[in-house]
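One structure is given below, encoded as structure tokens.
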Amino acid sequence: MLSRILLGLVTMALGTVSAVEATTLWVGNDTASPVERFDSVTQASLGFFGQTGATGSALDGAGHVYTVAPSFGNNVIQKYDAAQNVVASFIAAINGQWIEDMTYGGGGTLWVSTFEGDVFHVDGSGNVLSSFTTGGSFVGVATDGAFLYTTTGFNGDNTITKRLFDGSVVSIVTTGFGGGGGIGYDASDNTFWVGYLGGQLRHFDVAGNLLGGFITSTANIARPPCPNPPC
């Protein structure tokens, strides 16, 4: 969810942006640390949040933050209050897959995207409500409340796909930058933040025009396990 910048996204040394909130980007440093928050204007770090080894994050708009420490079939999702107290915790098995990015789906649910390129809608206990495949790998997911937006992943092309909640494609946005991972939607100005390998975060309008960006101060080159090399 970068918005928040819903960015919770970046995965793998990426700067996974999963959530966005006003001017705060929530960035996952792919299992290397807890989610890190950045001021999107000053680019200053606002500190770490939640469990270690996190990739994606999501914000519910009511002061709660979800983060995920991924593992194939054993993704630990924790829900926090603003003081970083854990108020709920559950396992999302999602068919043995590895969660890269998340966004809040309303009603206590989450949309999660995976290393394997699938998107799952899960409830607050980790039960799968629906799912679809994107055809990519290491993909990110975000929502504006009416549509889902997915990237094509670190090995993918330079597009963001706008989808209905069943996964059907509505339109394609071309950004000019391939390899986007985590994505966050910023409702404050109707824009996207996307994470790339090397800790690069890029800011786009909804037409795909580049508005700016920066490289996170804690960028690393960690990658999650690769079940079928090369990845």
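Listed by first and then second residue, the pairs with beta-carbon distance under 7 Å, at least 6 apart or on different chains, first residue in the stretch 49-73 and on the phi > 0 side of the Ramachandran plot, second of a type in the set (Gly, Ala, Ser) and not in a loop (DSSP other than H, G, I, E, B), are 53/69; 73/96. Taken over the stretch 52-76, residues that are in a loop (DSSP other than H, G, I, E, B) and within 20 Å of residue 123 (Cα to Cα) amount to 13.
Scanning the stretch 154-180 for residues that are of a type in the set (D, E, K, R) and surrounded by 12 or more Cβ atoms within 10 Å (Cβ to Cβ) returns 157, 162, 163. The residues listed here are 17, 65; of these, the one that is in contact with a Phe, Trp or Tyr (Cβ under 6 Å, 6 or more places away or on another chain), surrounded by 20 or more Cβ atoms within 10 Å (Cβ to Cβ), modelled with pLDDT of 95 or more and closer than 24 Å to residue 148 by Cα is 65. Answer yes if at least one residue in the stretch 35-51 is among the aliphatic types (A, V, I, L, M) and part of a loop (DSSP other than H, G, I, E, B), and no otherwise. Among the residues of the stretch 35-51, at least one is among the aliphatic types (A, V, I, L, M) and part of a loop (DSSP other than H, G, I, E, B), which makes the answer yes. Inspection of the stretch 46-66 finds no residue satisfying the criterion of being farther than 15 Å from residue 26 by Cα and touching a helix residue (DSSP H, G or I) at 6+ places or on another chain (Cβ under 6 Å).
The values are calculated or read from the model by the stated rules, or taken from the named source; none is laboratory data. Note that this is a predicted model, so its numbers are computed, not measured. Positions of Cβ are generated from backbone atoms using ideal geometry, with glycine treated the same way; all protein chains shown enter the neighbour counts.
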